[in-house]
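S.K.: Structure in structure tokens, see below.
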Amino acid sequence: MFDTAIAGSLPKPAWLAETQKLWPQWKASGDELRQSKLDATLLWIKAQEDAGLDVIGDGEMSRQHFVHGFLEQVEGIDFEHKVEMGIRNDRYKAMVPQVVSALRLKGRVHVTEARFLRAHTTKKIKFTLPGPMTIVDTVADRYYGDRATLAMAFAELLNQEALALQADGVDIVQFDEPAFNVYMSEVNTWGIAALERAARGLTCTTAVHICYGYGIPANVDWKKTLGDEWRQYEQILPALAKSSIDQISLECIHSHVPPQLMALLAGKDVMVGVIDVASEQVETPEEVADAIGRALQFVPRERFIACTNCGLAPMSREVALAKIEALAKGAALARERYGAAR
Ligand SMILES: [Zn+2]
């Protein structure tokens, strides 16, 4: 197997939005912005194909932030009056919109960029959506009063969009759930149930990405408090292994996750992070192949997808491009070394 894919996001070009920010301001508006987003999408489709990746994404060029991009099409959300909230168990503060009434989709969320992506590559395409638990953790609730109920309400809307993305020709719908590594007991009581509700009825491949966050200072500092061994996955992977989700995306290289925890995902495809997103240092193909070799002790090759630890959005464009090239070259080297015929 040894397919290669990125987790999801890529840096926005400087002419599209502010660079190296998680919530960048757009540089244009109206029709000009709509066109700029698609131009940037095309640029990254080409870059991923040139690098030799097997699964192509839109790089999330059309959304300001991976959670708030979805929320902009949801009725019942007040974007005019954002409030400051500590998110990911108060790891960092963010200005978040408020849920003020019953939630409903205003219409399609990602139809333009999904169909554009499908029209411009013949390779497998993956499309990312925020997971219900992570959305709940990135909005201020003034209406539902209960995180599990709110998550189910979002899951129904995500499901509508996911089914439509499948109809647009998307091969893999991935839900991003960094909150799963923060609220492990809630993952088991309602997080996975909400995730499965979001994926209900999908016949395309389904995936969930669970990481320790982008390489921003708040996350880097948090990781320092987690000790020598990060065992969060141990509390959630057994339940995910029993879930209906096909692929699980995990952080691996340069993290303190014990690699043997990946063995808890027997029966699932595993997107193994072999590119560090918290370091500007570009991996060599040898380092990537070494990381793949270590992970192959715990993930069978036919279940293995070489991936990035997380999105590349906050990095410089130059570094992100070099990293996706290193991913493809490292996977090619690993195929030679470990004898996985394609
Ligand atoms: Zn991530």
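S.K.: Applying the selection to segment 112-147, what residues are within 19 Å of Phe79 (Cα to Cα), outside any loop (DSSP other than H, G, I, E, B) and free of Cβ contacts under 8 Å to residues at least 60 places away in the same chain?
M.R.: Result: Val136, Ala140, Asp141.
S.K.: Name the residue that is nearest to His110 (Cα to Cα), counting only residues in segment 149-177 that are of a type outside the set (A, V, I, L, M) and assigned to a helix (DSSP H, G or I).
M.R.: Glu161
S.K.: Further, regarding this structure: Any idea which residue in segment 314-339 is most open to solvent (accessible area, probe 1.4 Å), counting only those that are touching a Phe, Trp or Tyr at 6+ places or on another chain (Cβ under 7 Å) and under 17 Å from Ala5 (Cα atoms)?
M.R.: Within segment 314-339, the match that is most open to solvent (accessible area, probe 1.4 Å) is Arg335.
S.K.: Does any residue in segment 7-33 that is in contact (Cβ under 8 Å) with a residue 60 or more places away in the chain and closer than 22 Å to Thr138 by Cα come within less than 8 Å, Cβ to Cβ, of a residue that is open to solvent by 60 Å² or more (accessible area, probe 1.4 Å) and among the β-branched types (Val, Ile, Thr) six or more places away or on a different chain, and which pairs are these?
M.R.: Pairs that qualify, where the first residue is in contact (Cβ under 8 Å) with a residue 60 or more places away in the chain and closer than 22 Å to Thr138 by Cα and the partner is open to solvent by 60 Å² or more (accessible area, probe 1.4 Å) and among the β-branched types (Val, Ile, Thr), are Pro11/Thr19; Lys12/Thr19.
S.K.: Pull out all pairs, ordered by first then second residue, where Cβ-Cβ is under 6 Å, the residues are six or more apart or on different chains, the first lies in segment 197-214 and is more than 16 Å from Leu237 (Cα to Cα), and the second is more than 11 Å from the ligand (Cβ to nearest atom) and among the polar types (S, T, N, Q).
M.R.: Final answer for the pair search is Ala198/Asn159; Ala199/Thr206; Arg200/Asn159; Leu202/Gln166; Cys204/Gln166.
S.K.: All but one of (1) away from the ligand (no atom under 16 Å from the Cβ); (2) touching a residue at least 60 places away in the same chain (Cβ under 8 Å); (3) under 20 Å from Gly273 (Cβ atoms) hold for Val182, so report the exception by its number.
M.R.: Among (1) away from the ligand (no atom under 16 Å from the Cβ); (2) touching a residue at least 60 places away in the same chain (Cβ under 8 Å); (3) under 20 Å from Gly273 (Cβ atoms), Val182 violates only (1).
S.K.: A follow-up question, please. Kindly provide the set of residues from segment 203-251 that are within 16 Å of the ligand (Cβ to nearest atom) and among the charged types (D, E, K, R), ordered by number.
M.R.: Selection gives Lys223, Glu251.
S.K.: Here's a follow-up. When you go through Leu202, Leu165 one by one, which is the residue that is among the aliphatic types (A, V, I, L, M), over 27 Å from Trp23 (Cα atoms) and either modelled with pLDDT of 95 or more or surrounded by fewer than 19 Cβ atoms within 10 Å (Cβ to Cβ) (or both)?
M.R.: Leu202
S.K.: For Gln174, are the conditions met, namely being under 24 Å from Ala306 (Cβ atoms) and either buried (at least 18 other Cβ atoms within 10 Å of the Cβ) or within 16 Å of the ligand (Cβ to nearest atom) (or both)?
M.R.: yes
The values are calculated or read from the model by the stated rules, or taken from the named source; none is laboratory data. Quick caveat: nothing in here was measured; it's all calculated off a predicted structure. Don't worry about glycine lacking a Cβ; one is built from the backbone with ideal geometry, like all the others, and counts go over all protein chains shown. Side chains are part of the model used for accessible areas, which takes the heavy atoms of the whole protein and leaves out ligands, DNA and RNA. Shrake-Rupley method; radii C 1.70, N 1.55, O 1.52, S 1.80 Å.
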